[in-house]
Amino acid sequence: MRSILTYRQELILFSIVDDFLKVMMPISSKYLIDKYNLDISSATVRNEMAKLEADGFLTKPHTSAGRIPARKALRFYIDRLNQQLSTDSDALDFTFLPKMEREMDRNQMSRSLADMISGTTQYLTQVSLSEEDEKVKGLLLTPITTHTLLLIIVLQSGAIRKIPVNMEDAITVPELEKLGNELNVLTFDQPISRLPEIIHAMKVRHALNGLKTNLARAAAEAAGEPGQIVGHSGFNHLIHQISSDISTLQLLYDDMESDQLNELIDLTKIDGVDVYFSDELNRDYDSISVIATDFHVNGMSGNLMIIGPELMGYKKVIGLMYAIRNQEMKKE
């Protein structure tokens, strides 16, 4: 059952979490009153803090200390940040994205973005970029058996897609080479989504109609699987931040090296800026949180994941993510 907080309790709770994440020390009633000039007594603040503790939002390390936020308080804090920052786009200013060179390929851009964001946040950062309608820079038909050929498509990003295609016995190698050369000319610099249309429109002799149909299907399959380029930066930050959790660091490093960090969460369900704690991930990790969002830049779509300790600077990171999401809107 969800706890219903009063306005004063929400204010106190938000302030406790916000300040704790900055100083990483228990927050006392006197600290709050002195910092925020609260027009209430210390006893009243202590009573409210005691109620928040009883409701599972705060914990008390020892009798003489202030309170520290529990997971429930972190989730409350993150929800309030999302409410504030998602509607306060004018207060967000993160300007490096428009300065990115448009001639950069996706490999360069993903690495540059990851470096810049990690340098700003001081957390492990992954940037994944995909261009759903990349341009074709080369197409080749290569026979691999008497009944099968390989449709090879080279994309602008440098990605190569290979799809096996069934073919008829009656097709000779010279004829296949001629067909491949014609397709290469027709599809050069065309969006990959147009390949099926281009292939269907080709004029071929009757015996090649079956192959033409199979090639169009293979091209549609290739167009339906956008490539993705991943850039990482900042693992060294995480080494210092969770140095005692060797197993999580090793798992994260292995997943990063094998480009499997995207499997930590369901990226298709990202809604705005989402925060996941370790027990909400699709991996057996401890002591971390993942903040994720999707965005668009220079005609490319992408997603961004920032990974840090569970107690991290959520306000700065979430604000930065909304600023990045707003870049495309600002340019329009």
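The values are calculated or read from the model by the stated rules, or taken from the named source; none is laboratory data. What you see is a predicted model, and the numbers here were worked out from it, not measured in a lab. FYI the Cβ positions are ideal-geometry reconstructions off the backbone, even for glycines, and counts take in every protein chain you see. In case anyone asks, the SASA skips ligands and DNA or RNA and just uses the protein heavy atoms, side chains included. Shrake-Rupley method; radii C 1.70, N 1.55, O 1.52, S 1.80 Å.
For region 235-279 and region 127-199, compute the distance between their C-alpha centroids and round to whole Å. Region 235-279 and region 127-199 have Cα centres separated by 36 Å. Counting only alpha carbon atoms, the long axis of helix 71-86 and the longest principal axis of the chain meet at about 60°.
Where only protein heavy atoms count, and the probe is 1.4 Å, what is the accessible area per residue for region 238-307 in Å²?
Each residue of region 238-307 exposes 45 Å² on average to a 1.4 Å probe.
Among the protein heavy atoms of the chain, carbon and sulfur supply 51% of the accessible surface, probe 1.4 Å, non-protein parts ignored. When peptides 4-11, 118-125, 79-86 are sorted by average Cβ neighbour count within 10 Å, with the highest value leading, the order is 118-125, 79-86, 4-11.
Using a probe of 1.4 Å, the accessible surface attributed to Ser110 totals some 0 Å² when neighbouring protein chains are kept in position.
When the residues His240, His232 are ordered by accessible surface, computed with a 1.4 Å probe over the protein chains alone, the sequence from largest down reads His240, His232. Close amide-amide hydrogen proximity is noted between Gln156 and Lys135, Lys137, each under 5 Å apart and 5 or more residues distant or on a separate chain (H modeled in the peptide plane; Pro and chain starts excluded). Here the Kirkwood formula puts the hydrodynamic radius of region 177-250 at 15.9 Å, using every distinct Cα pair. Here the chain yields Rg over Rh of 1.15, to two decimals, using C-alpha coordinates and the Kirkwood radius.
With the helix formula -39500 (n - 2.57) applied to DSSP H stretches of n ≥ 4, the chain reaches a computed 222 nm mean residue ellipticity of -14000 deg cm²/dmol.
Under a Cβ-only charge scheme (Lys and Arg +1, Asp and Glu -1), can you give me the dipole magnitude of region 1-83 about the Cα centre, in debye to the nearest 20?
Details: 13 positive and 9 negative charges, 45 e Å.
Magnitude of the dipole: close to 220 debye.
Note on Val230: accessible area is roughly 40 Å² with a 1.4 Å probe, heavy atoms of protein only. Spin-label model, Arg8/Ser247: points 7 Å from Cα along the beta carbon direction are separated by 4.5 nm. Considering only Cα atoms, the convex hull volume of region 190-332 works out to 146 Å³ per residue. Rounded to the nearest Hz, the phi-derived 3J(HN,Hα) couplings of region 151-164 under the Karplus curve 6.51 cos²θ - 1.76 cosθ + 1.60 (θ = phi - 60°) are 8, 10, 10, 9, 9, 4, 6, x, 5, 10, 10, 10, 10, x, where x marks glycine and proline. Each residue of region 197-202 is assigned a 3J(HN,Hα), and the resulting list reads 5, 5, 5, 4, 7, 5 Hz, derived from the Karplus form 6.51 cos²θ - 1.76 cosθ + 1.60 (θ = phi - 60°), x at Gly and Pro.
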